[in-house]
Amino acid sequence: MTARTGVAAELGHVDAWVFDLDNTLYPPTVDLFAQIDARMKAFIARELGLAPDDAFALQKRYYRQHGTTLRGLMLNHGTDPETFLEFVHDIDHSVLDTSPRLAAALAGLPGRRFVYTNGSARHARAVLDRLGVTALFDGVYDIRAGNYIPKPDPAPYVDMTGRFGIAAGTAAMFEDSAHNLKPAAALGMTTVWVRHPDHSPAPAEDLSHCHHVTDDLVAWLEGVAAS
């Protein structure tokens, strides 16, 4: 599903394609992020001496307040980000299967392709390797590259486009979080919201910054490439 018609015509100017990683390049039904979620809770419980339920509540509160749980831990507890990232991304990536359809759809896009993630580059490479699409990407911008400042803070978006030489007016960004598309749209990027059931906006929320909407990234990309 798209928010507007004539998608291919609207995207004819795009020569840089920026993708979020988790629950965007692979569907949330894979449930890979559930492993990361559990590891974050375990890390907080261990480091702060909290009961699991209290650790989980703090984890989600920091995510809502700061964009990532890590940012909240850094600001409020002085947590070392590398220790956190290494622990929470020590997961079983084998639940991801190679996706020939995704690879073909990405290969059909003109120009360059990038990953922009609030996670680590190591985790991103593991995901891309499992999906079989590593060679199709020209760069990964991770939370370390952004000085541990997460989306949707506008600063790393500006840094990311500058680092890769991306002209925002000829770029498209894909995200499972509608909130994370606001800075991209403000920069002039075309935005595509890959809807996630856990990131449903409020009924009256303004989604005008989401230029296109889809429930199936691969099918959407296939439609663009075939047009």
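The values are calculated or read from the model by the stated rules, or taken from the named source; none is laboratory data. The structure presented is a predicted model; accordingly, all values stated were derived computationally and were not measured. Note that we place each Cβ from the backbone using ideal geometry, even for glycine, and neighbour counts take in every protein chain shown. For the accessible areas, the whole protein counts, side chains as well, though only heavy atoms, and no ligand, DNA or RNA atoms are used. Shrake-Rupley method; radii C 1.70, N 1.55, O 1.52, S 1.80 Å.
Is the shape of the stretch 1-119 best called rounded, prolate or oblate, per the rule: a/c under 1.5 gives rounded, else a/b larger than b/c gives prolate, else oblate, with a ≥ b ≥ c the square roots of the Cα gyration tensor eigenvalues? Prolate, since a/c reaches 1.5 and a/b exceeds b/c. Look at the dipole of the chain built from charges on Cβ: of Y141, S177, V224, the Cα furthest out on the positive end belongs to Y141. Mind running the shape call on the stretch 101-227? Use the C-alpha gyration tensor, a ≥ b ≥ c as the square roots of the eigenvalues: rounded below 1.5 for a/c, prolate if a/b tops b/c, oblate otherwise. Rounded shape, in that the Cα axes give a/c under 1.5.
Restriction of the GluC sites (Glu not before Pro) in the stretch 119-222 to DSSP coil positions whose beta-carbon has at most 16 other beta-carbons within 10 angstrom yields E205. When a/c is below 1.5 the answer is rounded, else prolate if a/b is larger than b/c, else oblate, so apply that to the stretch 165-227 with a ≥ b ≥ c taken from the square roots of the Cα gyration tensor eigenvalues. Oblate, since a/c reaches 1.5 and b/c is not below a/b.
Taking the C-alpha atoms only, the angle from helix 217-226 to the longest principal axis of the chain is near 20 degrees. Under the criterion of Cα pairs below 8 Å and six or more residues apart, the relative contact order for the stretch 86-219 equals 17 percent.
Under a Cβ-Cβ cut-off of 15 Å, what is the net charge of the residues other than N76 that fall near it, where Lys and Arg count +1 and Asp and Glu count -1? The answer is +1. Centroid-to-centroid, using Cα positions, the stretch 144-210 and the stretch 21-93 are 21 Å apart. Each of R71, R64, R46 has its accessible area taken with a 1.4 Å probe; listed largest first, they run R64, R46, R71. Compared with the dominant principal axis of the Cα atoms in the chain, helix 154-164 is inclined by about 60°. Solvent exposure of H66, expressed as accessible area, is near 50 Å², computed with a probe of 1.4 Å over the protein chains only.
For K41, K151, the ranking by accessible surface with the largest value first comes to K41, K151, using a 1.4 Å probe.
For the chain, carbon and sulfur atoms together expose 53% of the accessible surface, with a 1.4 angstrom probe and every protein chain in place.
Partner lysines whose Cα lies under 25 Å from the Cα of K182, excluding those fewer than 8 positions away in the same chain, are identified as K60, K151. Tilt of helix 52-66 relative to the longest C-alpha principal axis of the chain, in degrees (0 to 90, nearest 10)? It works out to around 50 degrees. The accessible area of S94, taken with all protein chains in place and a 1.4 Å probe, comes to roughly 60 Å². Based on DSSP H runs of at least 4 residues, each adding -39500 (n - 2.57), what is the mean residue ellipticity at 222 nm of the chain after dividing by all its residues, to the nearest 500 deg cm²/dmol? That comes out to -13000 deg cm²/dmol. Taking 0.36 nm per residue of separation and subtracting the current Cα-Cα distance, fully stretching the chain between A104 and H209 would add 35.0 nm.
At 1.4 Å probe size, put F114, F33, F87 in order of accessible surface, largest to smallest.
The most accessible residue leads, giving F33, F87, F114.
Dipole size of the stretch 110-202 about its Cα centre, with +1 on Lys/Arg Cβ and -1 on Asp/Glu Cβ: approximately 160 debye, rounded to the nearest 20.
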